[in-house]
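The values are calculated or read from the model by the stated rules, or taken from the named source; none is laboratory data. Source: prediction; values computed, not measured. Every residue, glycine among them, receives a Cβ derived from its backbone with ideal geometry; neighbour counts consider all protein chains shown.
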């Protein structure tokens, strides 16, 4: 779980750097400003008291604590337990799970330790896709969770597809050297 520790460390270092130097809601760095007038990438210090896309921000604080702290901790505990008790994961899938756990812990730490909410600071122009002119601001932990989840899903579905096309070792098609076309 080296990746888990690395994600947590990188996430908390970047968030601490932003918090220590810039007030909330301050635009820090419009990257590519000279190359792209709409600022493809911006660094802006915002807080999210809810989860992705600010879902649940109007819930009362006790409900947010249960839904966004306690429930994710339970999910992560189950995921870690399954990670260590199962031999079904490939090495790549284990790395993906480690990235999910690291990102999850990074954001849970913010929800517990930062009363204003999770520190987000990466803002990317999204050109109106899905109705977003800019993608909702995110952080290193969010990136790790999303990329790792996608990687895990792809490896699971690709693995299932490969398992369906492979013939069992004692099947007639495997013995004759022909592919199983079922």
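Out of all the residues in region 57-80, is one or more modelled with pLDDT under 85 and closer than 19 Å to residue 135 by Cα? The answer is yes, given that some residue of region 57-80 is modelled with pLDDT under 85 and closer than 19 Å to residue 135 by Cα.
Of all residues in region 55-69, exactly one satisfies the criterion of being out of contact with any helix residue (DSSP H, G or I) (no Cβ under 6 Å at 6 or more places or on another chain), within 18 Å of residue 145 (Cα to Cα) and in a helix (DSSP H, G or I), namely 67.
Annotation note: of 9, 113, the sole residue that is surrounded by 12 or more Cβ atoms within 10 Å (Cβ to Cβ), out of contact with any strand residue (DSSP E or B) (no Cβ under 8 Å at 6 or more places or on another chain) and either at pLDDT 95 or above or more than 30 Å from residue 156 (Cα to Cα) (or both) is 9. Just checking, does region 37-46 include any residue being modelled with pLDDT of 90 or more and in contact with a helix residue (DSSP H, G or I) (Cβ under 6 Å, 6 or more places away or on another chain)? Yes, region 37-46 contains at least one residue that is modelled with pLDDT of 90 or more and in contact with a helix residue (DSSP H, G or I) (Cβ under 6 Å, 6 or more places away or on another chain).
Quick check on residue 12: is it under 20 Å from residue 138 (Cα atoms) and assigned to a helix (DSSP H, G or I)? Yes: the conditions hold for residue 12.
Are any residues in region 127-155 in contact with a strand residue (DSSP E or B) (Cβ under 6 Å, 6 or more places away or on another chain) and either more than 22 Å from residue 15 (Cα to Cα) or modelled with pLDDT of 95 or more (or both), and if so, which ones? Show your work before the answer.
To start, the set of residues in region 127-155 that are in contact with a strand residue (DSSP E or B) (Cβ under 6 Å, 6 or more places away or on another chain) comprises 134-135, 137-139.
Across region 127-155, the qualifying residues are 138, 139.
Search region 123-142 for residues being at positive phi and in a loop (DSSP other than H, G, I, E, B), and hand back the single one that is surrounded by the most Cβ atoms within 10 Å (Cβ to Cβ). If you could, list the steps in order and put the result at the bottom.
Just the residues of region 123-142 that are at positive phi, to begin with: 127-128, 130-131.
Next, from what is left, pick out any that are in a loop (DSSP other than H, G, I, E, B): 127-128.
On the way: 127: 11, 128: 9.
That would be 127.
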